[in-house]
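Throughout, read-outs are computed from the coordinates displayed, never taken from laboratory work. Treat the numbers as computed from the prediction; the structure is a model and nothing was measured. Don't worry about glycine lacking a Cβ; one is built from the backbone with ideal geometry, like all the others, and counts go over all protein chains shown.
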Amino acid sequence: MTEFRFAVEKDCALILTFIRMLAEYEKMTDEVVATEDLIREWVFEQKKAEVLFVCEGGREIGFALFFHNFSTFVGRAGLYLEDLFVLPEYRGKGYGRAILKKLARIAMERGCGRFEWCCLDWNQPSIDFYLSMGAVPMNEWTTYRLSGDSLRRLAEEP
């Protein structure tokens, strides 16, 4: 039986470990600037995100970090999955699907109208996995991002 538990503040180091493993898988380790203190502040003090662990035999083998967004068209909140990662030795055993199923149930329990996430274009195993569950790619939508100096410049415009 698949076990789940929500992260608590003492899990900041473990969350950061999973984030770093995900970044390594996505070939993005140089982009990780998160720290345990930042995770503590934003996840546990400001409550801007939640973390769910999937466990086997009491050991955390995967995680999902998610938060609520809002759809003006649907008129209610949605659940947005920022990160999902399962340790390599546990992949292909149904844990990823179990995490997504658990998050779908959370979304339904909370009255959310949508459950969304992004996937890197090159990550074909994940794309195939998501399609197999009935997820639909939003092909007509492109994600845009402001960060760092660009974000700062726009915010400081008169």
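Within the listed set 100, 131, 84, the Gaussian network model of the chain (springs between alpha-carbon atoms below 10 Å) gives the highest mean-square fluctuation for 131.
Stretch residue 90-residue 14 to full length: gain in nm at 0.36 nm per residue minus the Cα-Cα span?
On the way: separation 76, 0.36 × 76 = 27.36 nm, distance 1.71 nm.
Taking residue 90 through residue 14 to full extension adds about 25.6 nm, to one decimal.
Backbone geometry of the range 48-56 corresponds, through the Karplus equation with coefficients 6.51, -1.76 and 1.60 at θ = phi - 60°, to 3J(HN,Hα) couplings of 8, 8, 10, 10, 10, 9, 9, 10, 10 Hz, x marking Gly and Pro. Going by neighbour counts of Cβ atoms within 10 Å, the residues 102, 47 line up, fewest first, as 47, 102. Take the chain and mark each of the chymotrypsin sites (Phe, Trp or Tyr not before Pro) that is in a DSSP loop with at most 10 other Cβ atoms within 10 Å; the longest unmarked stretch, sites excluded, is 1-72. The C-alpha radius of gyration of the chain, expressed as a fraction of 2.2 N^0.38 Å, stands at 1.09.
Taking every C-alpha pair closer than 8 Å and separated by at least 6 residues, the mean separation divided by the residue count of the range 3-156 gives a relative contact order of 16 percent.
Which value at 222 nm does the chain reach when only helices count, each DSSP H run of 4 or more adding -39,500 (n - 2.57), with the total divided by all residues and rounded to the nearest 500 deg cm²/dmol?
Here the helix-only value at 222 nm equals -9500 deg cm²/dmol.
What is the distance, in nm, between label points placed 7 Å from the Cα along the Cα-to-Cβ direction at residue 28 and at residue 72? Each label point is offset 7 Å from its Cα along the Cβ direction, giving 2.6 nm.
Within the range 3-156, what percent of beta bridges assigned by DSSP are antiparallel, to the nearest 5? Please list the in-between numbers first.
On the way: 21 of 24 bridges.
So the antiparallel bridges in the range 3-156 amount to around 90 percent.
Length available on full extension from residue 154 to residue 140: 0.36 nm per residue minus the Cα-Cα distance, which gives 2.4 nm.
Residue 4 to residue 118: extension gain in nm, 0.36 nm per residue of separation minus the Cα-Cα distance?
Values: separation 114, 0.36 × 114 = 41.04 nm, distance 2.26 nm.
Value of the extension gain: 38.8 nm.
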